[in-house]
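Submitted below is the structure of interest, expressed as structure tokens.
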Amino acid sequence: LIDRTPLATVRQAPPWAWIGGLYGAFFVAAVAFAAPRLGLALTLTLTIGAQLTAAVILDHFGLLGLDRSPITLARVAGVTCILIGVLLVRR
């Protein structure tokens, strides 16, 4: 049997919890639109680079209930390497 989340629990979810579903729908639509125009490799490397950049920012400020994890030189270097990879894939 499948356990279902009680409706009362869903109603108590914070407003930001609904962003995931909206983001998911937007993400699928954006990739479906971009892939034929940019190519799948560039589309995926762009999305990964953007997600990692956003993750570092969210961690730094402790947004969405996350523990704060400050931006460090190592994190900046890691994201920079990913973004350089995006440029290389674009060539």
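Quick check on the chain: helices-only [θ] at 222 nm, where DSSP H runs of length 4 and up contribute -39,500 (n - 2.57) each and the sum goes over total residues. Nearest 500, please.
-24000 deg cm²/dmol
Something else: Output wanted: per-residue J couplings in Hz (rounded whole) for the stretch 46-58, from phi through Karplus 6.51 cos²θ - 1.76 cosθ + 1.60, θ = phi - 60°, x for Gly and Pro.
4, 5, 5, x, 5, 5, 5, 4, 4, 5, 5, 5, 4
OK, next. Which log10 I(q)/I(0) values, to two decimals, does the chain give at q = 0.15, 0.25, 0.26 Å⁻¹ under the Debye formula with one point per Cα?
Treating every Cα as an identical point scatterer, log10 I(q)/I(0) equals -0.79, -1.19, -1.22.
If you don't mind, there's one more thing I want to ask. Per the 1.4 Å probe, what fraction of the accessible area of the chain, in percent, lies on carbon and sulfur atoms?
72
Still on this structure, I have one more. Report the relative contact order of the chain, percent, no decimals, based on alpha-carbon pairs under 8 angstrom and at least 6 residues apart.
Reported as a whole number, the value is 23 percent.
Moving on. Using only the Cα atoms of the stretch 1-47, each taken as one equal point scatterer with no solvent, compute I(q) by the Debye sum, divide by I(0), and report log10 of the ratio at q = 0.24, 0.30, 0.31, 0.33 Å⁻¹.
Ignoring solvent entirely, the Cα scatterers give -0.84, -1.05, -1.07, -1.10.
Taking a probe of 1.4 Å, how large is the accessible area per residue of the chain, in Å²?
80
The values are calculated or read from the model by the stated rules, or taken from the named source; none is laboratory data. Treat the numbers as computed from the prediction; the structure is a model and nothing was measured. These area figures cover heavy atoms from the full protein model, side chains too; ligands, DNA and RNA do not enter into them. Shrake-Rupley method; radii C 1.70, N 1.55, O 1.52, S 1.80 Å.
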